[in-house]
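Enquirer: Here's a structure for you.
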Amino acid sequence: MTAASARGKNMPDEVRKATEEVRQRIKESHAVRGMGFAVERVEVGLVIFTMRVRQRHRQMHGVVHGGILAMLADTVAAIAAYTTVPRGTEIATIEMNINFLEAVAAGEIRAEGRVLRTGRNFVVTECEIRNQNGSLAAKALLTFGAMSGQSFQR
């Protein structure tokens, strides 16, 4: 049994189902499939992912590339945003601010995305990324545009 499945035994059924649904959707995402993001928990307004640091994540100085951390924050925050809007609503990142506070060279990192406010046209979220010791490595604030019944795709 994996650590994630062990933690899953203590989840309410609704949270367990949402978490499994997101796990399946992540497998279908070409952009994030190879990143090694693991879905730990999904509930309304809160999403937690983990990522084991691998060589492919590191830049030339041996620490996780900021772009990887930003991608993780954007993914986690977007899924958190989706949990607070009606089905069929599409969202797109319209603003992201991320502060890199501490380099991460190894271990498992944990990203926790929370919805701060859901409005009619926007969802504001935050994401904290912590290293395996629990130290805050990055903090992001993201705003998503939300459109119901329309598509952002052209």
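The values are calculated or read from the model by the stated rules, or taken from the named source; none is laboratory data. Only a predicted model underlies this, so the values are computations on that prediction, with no experimental measurement involved. Counting neighbours? That spans all protein chains shown, and the Cβs are built from the backbone with ideal geometry, glycine included.
Enquirer: Quickly run through region 105-114 and pick out the residues that are surrounded by fewer than 15 Cβ atoms within 10 Å (Cβ to Cβ) and of a type in the set (D, E, K, R).
Expert: Answer for region 105-114, where residues must be surrounded by fewer than 15 Cβ atoms within 10 Å (Cβ to Cβ) and of a type in the set (D, E, K, R): just Glu108.
Enquirer: Among the residues of region 115-147, what is the count of those that are buried (at least 16 other Cβ atoms within 10 Å of the Cβ), charged (D, E, K, R) and farther than 18 Å from His65 by Cα?
Expert: So the first thing to find is which residues in region 115-147 are buried (at least 16 other Cβ atoms within 10 Å of the Cβ), and the list is 115, 118, 123-131, 137-144, 146.
Going one step further and asking which of them are charged (D, E, K, R), we end up with 126, 128, 130, 139.
Right, trim to farther than 18 Å from His65 by Cα and you get 126.
Matching residues across region 115-147 total 1.
Enquirer: Additional query: Of the residues that sit in region 4-15 and are exposed (fewer than 10 other Cβ atoms within 10 Å of the Cβ) and within 16 Å of Val44 (Cα to Cα), which one is modelled with the lowest pLDDT?
Expert: Pro12
Enquirer: Of (1) under 20 Å from Thr125 (Cα atoms); (2) modelled with pLDDT of 90 or more; (3) small (Gly, Ala, Ser), Ala18 satisfies all except one. Which?
Expert: The one condition Ala18 does not meet is (2).
Enquirer: Only one of (1) within 20 Å of Thr19 (Cα to Cα); (2) surrounded by fewer than 20 Cβ atoms within 10 Å (Cβ to Cβ) fails for Ile79. Which number is that?
Expert: Only one criterion in (1) within 20 Å of Thr19 (Cα to Cα); (2) surrounded by fewer than 20 Cβ atoms within 10 Å (Cβ to Cβ) is unmet by Ile79, namely (2).
Enquirer: In addition: Pick from region 89-104 the residues that are polar (S, T, N, Q) and over 12 Å from Thr125 (Cα atoms): which of them is surrounded by the most Cβ atoms within 10 Å (Cβ to Cβ)?
Expert: Thr89
Enquirer: Shifting gears a bit: Looking at (1) modelled with pLDDT of 95 or more; (2) among the acidic types (Asp, Glu); (3) surrounded by fewer than 19 Cβ atoms within 10 Å (Cβ to Cβ), which one does Asp74 not meet, given that it meets all the others?
Expert: In the conditions (1) modelled with pLDDT of 95 or more; (2) among the acidic types (Asp, Glu); (3) surrounded by fewer than 19 Cβ atoms within 10 Å (Cβ to Cβ), Asp74 misses (3) alone.
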